[in-house]
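Here is the structure we will look at.
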């Protein structure tokens, strides 16, 4: 078991490096700064998108794609699209009228490094580019596959997904949400995009919807585990390590998994979810090693 | 000729009423308010999207679709998607950090009627929904068609289109743009989405790219004519009639078609562009009557 864990962490570290490099190279290429008055817009997008974050979502696309032995070029393109979507949401969530954050991924937020209007437009631009990159024939030769990717990403990022979850998160500061509502909030806010990332690997492999059920279960569980770990980190994390402001939920009097369950039960729950996530992968063999390693990683990052 | 003009204005008025009704009905249905904490988000989207504006873009989709005798149900769905994209851009452009507008389409802007965070998220949500509606099989049975629609809409709305144009527009307040740069700015800011609307009719009819050249010429010309008319209206229009604040460009010292060309030359140029736009349609017969009427309308609205 210790050998398995060690092997898992090698697989994870190697894949993480490869995906992070690949995503940066793709962003460099797809976000070339034009020599015209839009230069500032592209510089703002690059500031937020390049060399930042753990690239969890592209890593999940790659890991799910590995299950079905698909080419890594399409899975990297899909990874860049979902990461662009994630980065746009960070830029907008950091705005003064939203969470009003100064630091993100160890750098000044876009509205701090540039200005608010540029931040709004950089987010809007990455949002559109995510779909443009996804629907490009370079992503997959089959338009059915590309259409399904766009459909799922649009659902995961709109009002029935990420944007709806962020709206609930704003409401959480004044409403008194119970555990069920906080769970739903997080399933929309972060779970939907994590779910898309995992499912995208299966879509690229043309696995029909019923064959994706184990992956959906896996994604739902690691999505929640991820958010519980995030709430725990908000309470006991190190700001320098996290690269962003922490201890904000408590200050805002916001209901989180930690305030609702207590630190210990939250930690137990995260561990149980990781085991449950791994159990969904029981039908797979060695090809699921990366997905298993990621499940452990989501609750152990920054510890 | 007088008979033709009168017939044209009947065709236009009838189509406008039908499209406006259809778009409102579709929005009512697609933006049903959920009974959960996202209720405010949906109310904000409905505030901005329903019963507002002249629906020029959906009207253009319908008019271009009429050329090829396509069904009106798909063209209405595409119209709703492009209108959602347009409405999202208005919500974000009106934000305090952008143009800081209080009124839009005769109503308070979304950040005034709700709040800034809700306005950002309502825009983001409509942005995602535009793609979700477009890629839905209800729009067209052929995934090639849906994929091409998404590809073109993403291009038209991202940094190489609408969002890029808005960035240039912000820069215009401090830079001293010449006529060529202002033309490029407007081609991105408003021209790209107008171009998409016209081209979408041909895409729905599966007309190959080379067969769409007259339509592209038409769209480029009416797009510019539309913007020149807008600049003229900013100088001599009636705020109550326009439903928004006017005389803003001059106050901001911004280069526009009117400041660069003078009022008289700008008016002549708009008229010449409308004639040129109509000339692109010479190969079509009666089925282009609505497109011809729209070309005249874009420079005559609010007069």
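Among the numbered conditions (1) in contact with a strand residue (DSSP E or B) (Cβ under 8 Å, 6 or more places away or on another chain); (2) without any contact (Cβ under 8 Å) to a residue 24 or more places away in the chain, the only one that residue A:250 does not meet is (1). When residue B:245 is tested against the conditions (1) in contact (Cβ under 8 Å) with a residue 60 or more places away in the chain; (2) in a helix (DSSP H, G or I), the lone failure is (2).
Taking residue B:138 as the residue in question, decide whether it is facing chain A (nearest Cβ under 8 Å) and either surrounded by 20 or more Cβ atoms within 10 Å (Cβ to Cβ) or more than 16 Å from residue A:134 (Cβ to Cβ) (or both). Against the criterion (facing chain A (nearest Cβ under 8 Å) and either surrounded by 20 or more Cβ atoms within 10 Å (Cβ to Cβ) or more than 16 Å from residue A:134 (Cβ to Cβ) (or both)), residue B:138 does not qualify.
Just one of the numbered conditions (1) surrounded by 23 or more Cβ atoms within 10 Å (Cβ to Cβ); (2) more than 15 Å from the chain's Cα centre (by Cα) is not true of residue B:192: (2).
Exactly one residue among B:62, B:104 is in contact (Cβ under 8 Å) with a residue 60 or more places away in the chain, more than 14 Å from every other protein chain (Cβ to nearest Cβ) and closer than 24 Å to residue B:217 by Cβ, and that residue is B:62. Is it the case that some residue within the stretch B:39-60 is modelled with pLDDT of 95 or more, over 21 Å from residue B:214 (Cα atoms) and not in a helix (DSSP H, G or I)? So far as the stretch B:39-60 goes, yes, one or more of its residues are modelled with pLDDT of 95 or more, over 21 Å from residue B:214 (Cα atoms) and not in a helix (DSSP H, G or I). Please work out if residue B:287 is touching a helix residue (DSSP H, G or I) at 6+ places or on another chain (Cβ under 8 Å), closer than 30 Å to residue B:65 by Cα and in a helix (DSSP H, G or I). Here the answer is yes, as residue B:287 does meet what is asked. Modelled with pLDDT of 95 or more and more than 30 Å from residue A:10 (Cβ to Cβ): does that describe residue A:264? Yes. Only one of the listed residues (B:216, B:146, B:180, B:212) is at the interface with chain A (Cβ under 8 Å from one of its Cβ atoms) and free of Cβ contacts under 8 Å to residues at least 60 places away in the same chain. That residue is B:146. Selection over the stretch B:256-270 of residues that are in contact (Cβ under 8 Å) with a residue 40 or more places away in the chain and within 22 Å of the chain's Cα centre (by Cα) gives a count of 4. Kindly indicate whether residue B:186 is away from chain A (no Cβ under 11 Å) and either in contact with a helix residue (DSSP H, G or I) (Cβ under 7 Å, 6 or more places away or on another chain) or within 20 Å of residue A:43 (Cβ to Cβ) (or both). Spelling it out, residue B:186 is indeed away from chain A (no Cβ under 11 Å) and either in contact with a helix residue (DSSP H, G or I) (Cβ under 7 Å, 6 or more places away or on another chain) or within 20 Å of residue A:43 (Cβ to Cβ) (or both).
The residue list A:80, A:128, A:84 contains one member that is within 11 Å of chain B (Cβ to nearest Cβ), within 16 Å of the chain's Cα centre (by Cα) and within 20 Å of residue B:150 (Cβ to Cβ), which is A:84.
The values are calculated or read from the model by the stated rules, or taken from the named source; none is laboratory data. For clarity, every value in this text was computed on a predicted model and none was experimentally measured. Note: ideal-geometry Cβ built from the backbone for every residue, glycine included; neighbour counts use all protein chains shown.
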